[in-house]
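As structure tokens, the structure follows; a few thoughts come after it.
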Amino acid sequence: MDPVRIAVVGAGVVGLSTAMCVSKLVPRCSITVISDKFSPDTTSDVAAGMLIPHVYPNTPIPTLKQWFRETFDHLFAIANSAEAKDAGVHLVSGWQIFRSIPAEEVPFWADVVLGFRKMTKAELKKFPQHVFGHAFTTLKCESPAYLPWLEKRLKGSGVLILTRRIGDLWELHPSFDVVVNCSGLGSRQLAQDSEMFPMRGQVLNVRAPWVKHFIRDGSGLTYIYPGTSNVILGGTRQQGDWNLSPDAEISRGIFSRCCALEPSLQGACDIREKVGLRPFRPAGVRLQTEFLAQDGRRLPVVHHYGHGSGGISVHWGTALEAARLVSECVQAPRTPTPKSNL
């Protein structure tokens, strides 16, 4: 039988990592990544890239922890390799601070990150408005480097990269045997998922090479994340806002909040604004197989989207799960379909 033809729709961190996992887990397949946008123009390119997981209402904590651990282990191996610089993956230490003691003093992910502990009184003196905190080392995955690195590896393993806008998943039939929908916010249309909406995020990229430690307010709304060449200051969570233009007043507020936590940022320069629309879904990540049908013909679709602001933290774990669903589709009996060129 001919190789199974698999299309992955979407080229953000979820789409590219899913294509990579499918190439590893599904033998004898041909993979095509199809998207109208690639790095540096994806939502993932705006992501801060810190591995601190979010809770999804419909995902059990053990599952979420597995996704996070698989992602952490994957990126940790890259950080400890000669590929670290090109992939944009590195370790970073810092603090998560709280204005009041959180209900959960030790989060579920504490034993996945490195060196997790409660902050000392001496450390908390740096943040006089905060009474409690966590100190730990985690990973930062810089998408503007990581996405091209993944794309290069995919091309090297024979994956075809195609720039094309998809209006309806069914248009991929009969050219493909299985479709993986990693279209993020595009799933409002492609999967007719009315639960999907944008969670607008605005951040600042600044030059402040003396800032070496991350600082994250427990609310997750104010954060300082140092990277290899700049520091990301954030942020916002604006539900249902589709505006991709930076708001100067919001930028001033972000800068002011971050300077309150790290006064030395007053000396930051080369300030650039970035906006991204996170693919938010109240129930959380959708990992599910659906069979589209027309005129007695079927097209298996594996949906893999809805990560909101937590995609980088769990992307490899959920991609492995999506690849397992693809494998199940491939192993199911299939009837030969006529070959068709896109």
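Can you name the number of the only condition in (1) exposed (fewer than 13 other Cβ atoms within 10 Å of the Cβ); (2) of a type outside the set (Val, Ile, Thr); (3) farther than 19 Å from ILE52 by Cα that ALA84 fails?
(1) is the only condition that ALA84 fails.
What is the one condition in (1) touching a Pro at 6+ places or on another chain (Cβ under 9 Å); (2) outside any strand (DSSP E or B) that VAL275 does not satisfy?
Here VAL275 clears every test but (2).
In this structure, does LEU287 turn out to be within 30 Å of LYS24 (Cα to Cα) and open to solvent by 10 Å² or more (accessible area, probe 1.4 Å)? Outline the logic, then answer.
Details: within 30 Å of LYS24 (Cα to Cα): yes; open to solvent by 10 Å² or more (accessible area, probe 1.4 Å): yes.
It is true that LEU287 is within 30 Å of LYS24 (Cα to Cα) and open to solvent by 10 Å² or more (accessible area, probe 1.4 Å).
All but one of (1) open to solvent by 50 Å² or more (accessible area, probe 1.4 Å); (2) closer than 20 Å to GLY234 by Cβ hold for LYS121; which doesn't?
All conditions pass for LYS121, except number (2).
Considering only segment 223-249, how many residues are open to solvent by 30 Å² or more (accessible area, probe 1.4 Å) and closer than 30 Å to MET196 by Cβ?
Total satisfying the criteria: 13.
Which of the following residues is under 12 Å from the mean Cα position of the chain (by Cα), modelled with pLDDT of 95 or more and in a helix (DSSP H, G or I): GLY310, GLY317?
On the way: GLY310 fails: modelled with pLDDT of 95 or more.
Result of the check over GLY310, GLY317: GLY317.
Of the numbered conditions (1) closer than 24 Å to GLY167 by Cα; (2) open to solvent by 20 Å² or more (accessible area, probe 1.4 Å); (3) out of contact with any helix residue (DSSP H, G or I) (no Cβ under 8 Å at 6 or more places or on another chain), ARG28 satisfies every one except a single condition; which is it?
(1)
Working carefully through the options GLN288, GLN266, find the one that is outside any loop (DSSP other than H, G, I, E, B), touching a Cys at 6+ places or on another chain (Cβ under 6 Å) and of a type outside the set (Val, Ile, Thr). Talk me through it step by step, then tell me what you get.
Values: GLN288 fails: touching a Cys at 6+ places or on another chain (Cβ under 6 Å).
Result of the check over GLN288, GLN266: GLN266.
List the helices (runs of 4 or more DSSP H) that sit entirely inside segment 1-119 and contain at least 3 residues that are free of Cβ contacts under 8 Å to residues at least 40 places away in the same chain.
So the answer is 61-79.
Taking segment 85-104 only, how many residues are closer than 27 Å to SER39 by Cβ and in contact with an Asp or Glu (Cβ under 7 Å, 6 or more places away or on another chain)?
Qualifying residue count for the region: 1.
Within segment 209-239, track down each residue that is of a type in the set (Ser, Thr, Tyr), within 16 Å of SER251 (Cα to Cα) and not in a strand (DSSP E or B).
If the condition is that a residue be of a type in the set (Ser, Thr, Tyr), within 16 Å of SER251 (Cα to Cα) and not in a strand (DSSP E or B), then THR222, THR236 are the ones that fit.
How many residues are under 16 Å from LYS274 (Cβ atoms) and open to solvent by 20 Å² or more (accessible area, probe 1.4 Å) if we restrict to segment 205-222?
Here the count works out to 1.
Filter segment 132-154 down to the residues that are assigned to a helix (DSSP H, G or I) and open to solvent by 10 Å² or more (accessible area, probe 1.4 Å) and list them by number.
PRO144, ALA145, PRO148, TRP149, GLU151, LYS152, ARG153
Answer yes or no as to whether THR71 is under 21 Å from the mean Cα position of the chain (by Cα), open to solvent by 10 Å² or more (accessible area, probe 1.4 Å) and either of a type outside the set (Gly, Ala, Ser) or over 30 Å from GLY15 (Cβ atoms) (or both).
Working: under 21 Å from the mean Cα position of the chain (by Cα): yes; open to solvent by 10 Å² or more (accessible area, probe 1.4 Å): no; either of a type outside the set (Gly, Ala, Ser) or over 30 Å from GLY15 (Cβ atoms) (or both): yes.
Spelling it out, it is not the case that THR71 is under 21 Å from the mean Cα position of the chain (by Cα), open to solvent by 10 Å² or more (accessible area, probe 1.4 Å) and either of a type outside the set (Gly, Ala, Ser) or over 30 Å from GLY15 (Cβ atoms) (or both).
If we scan segment 58-77, do we find a residue that is of a type in the set (D, E, K, R), at pLDDT 95 or above and closer than 20 Å to ILE215 by Cβ?
So far as segment 58-77 goes, no, none of its residues is of a type in the set (D, E, K, R), at pLDDT 95 or above and closer than 20 Å to ILE215 by Cβ.
It is to be established whether one or more residues within segment 250-260 are open to solvent by 30 Å² or more (accessible area, probe 1.4 Å), without any contact (Cβ under 8 Å) to a residue 60 or more places away in the chain, within 29 Å of PHE132 (Cα to Cα) and in a strand (DSSP E or B).
no
Cβ contacts < 6 Å: first residue farther than 14 Å from ASP36 by Cβ and part of a loop (DSSP other than H, G, I, E, B), restricted to segment 155-180; second residue open to solvent by 50 Å² or more (accessible area, probe 1.4 Å) and among the aliphatic types (A, V, I, L, M), any location; separation 6+ or different chain. Result?
From segment 155-180, the pairs are SER175/LEU342.
Could you look through segment 215-233, keep only residues that are farther than 18 Å from ARG99 by Cβ and touching a Gly at 6+ places or on another chain (Cβ under 9 Å), and pick out the one that is modelled with the lowest pLDDT?
THR228
The values are calculated or read from the model by the stated rules, or taken from the named source; none is laboratory data. Note that the structure is predicted; figures quoted are calculated from it, not measured. Counting neighbours? That spans all protein chains shown, and the Cβs are built from the backbone with ideal geometry, glycine included. We work out accessible area using only protein heavy atoms, side chains counted, and drop any ligands, DNA or RNA first. Shrake-Rupley method; radii C 1.70, N 1.55, O 1.52, S 1.80 Å.
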